[in-house]
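Structure record follows, encoded as structure tokens.
Derivation of every value follows stated rules applied to the coordinates shown; laboratory data play no part. Being a predicted model, the structure only gives us computed values, none of them experimental. Here the Cβ positions follow ideal geometry from the backbone for every residue, glycine too, while neighbour counts run over all protein chains shown.
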Amino acid sequence: MDGRKRSALSKRKKNTKLKSNHKWLKATFVVFVAILFLFFASLLYLNSLSDQPNTTGSRAAILDGLYNTRPNSVFTRNLTSILKAAGFHVDLFQGESVTIDLLRNISGYELVILRLHSGIHTDKFLYLFSGEPYTESKYVAEQLSRAVREAYPFDEEEAPVFALNSVFLGINNPEGLTGSTIILTGCNGTNDSYAIQRFFERGAKAYVSWNGYVDLSHSDSAILMLVRFLYLDGLNLEEAVEKVLKDIGPDPFYASTMEYYVPA
């Protein structure tokens, strides 16, 4: 009788232990699933944040109107990397997306880099070549007023594009250039003092370009160097331009040099 009781008691103890093990495994599984859920939820949240534009930091725009005809992927990649390392959100516009409307509406950027052909017309105004193919039927009023012109790059095989009188850069947003540093990589960018003054009247912080013709490869190298000196090395504009001229020198073909302007 006592033996049977001890045997029954022993079985009850084993069953209790087995039930306890089941409960522990079930609780562990629930915790594991919860941890996995939180892990993947956090990944999705971080990914959603990375897809959203940076609305709190500095913003830079690169307008590469030469992307279709004179691309330089190394320049674009390195420039973008430098700016992102310096805390910029970078908007990149390339080729035909660099339209007259984009040039007229550009606004809200601390830095605007114009990788465009440019030139002084016989009317003494500086014109910025867009990446938008020319057609007589578009911007008719602007063409009649000479705010917009048909423009041909040096290479005669290239099709004509629209060019904007630089006075009208960002004109559709009266405060659009406020606080902006404008860097023009094209030719004769500092030879229109009237346009530069208009930029400053609309709030531009600084303007940098070349005082004559410039080879594109030389300009790309110099601008990349300038941006690194300004935004990674922490030099002021005067120091950065002087260091660029010291390190890379004037254009080897045309002897033009980089110049900078700030409001008086």
Worksheet item: Using +1 on the beta carbon of Lys and Arg, -1 on that of Asp and Glu, and nothing else charged, what's the dipole of the stretch 158-264 about the Cα centre, debye to 20?
Response: 240
Worksheet, complete the sentence: Taking V241, V112 and counting other beta carbon atoms within 10 angstrom, the fewest-first order is V241, V112
Discussion item. List the chymotrypsin sites (Phe, Trp or Tyr not before Pro) within the stretch 71-170 that DSSP assigns to loop and that have no more than 10 neighbouring Cβ atoms inside 10 Å.
Written reply: F154
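Within a 10 angstrom radius of the beta carbon, how do M258, M225 rank from fewest other beta carbons to most?
Details: M258 26, M225 17.
If I rank by nearby Cβ atoms, fewest first, I get M225, M258.
For E142, what is the net charge nearby, where nearby means another residue's Cβ is under 11 Å from its Cβ and Lys, Arg count +1, Asp, Glu -1? Walk me through the numbers on the way to the answer.
Numbers: positive: R104, K138, R146, R149; negative: D101.
Charge balance near E142 sits at +3.
Nothing charged except the Cβ atoms of Lys and Arg (+1) and of Asp and Glu (-1): what's the magnitude of the dipole of the stretch 58-261 about its Cα centre? Round to the nearest 20 debye. Let's see the in-between values first.
Details: 16 positive and 26 negative charges, 100 e Å.
Dipole about the Cα centre, nearest 20: 480 debye.
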Item to complete: Would you mind ranking H117, H89 by Cβ crowding within 10 Å, fewest neighbours first?
Response: H89, H117
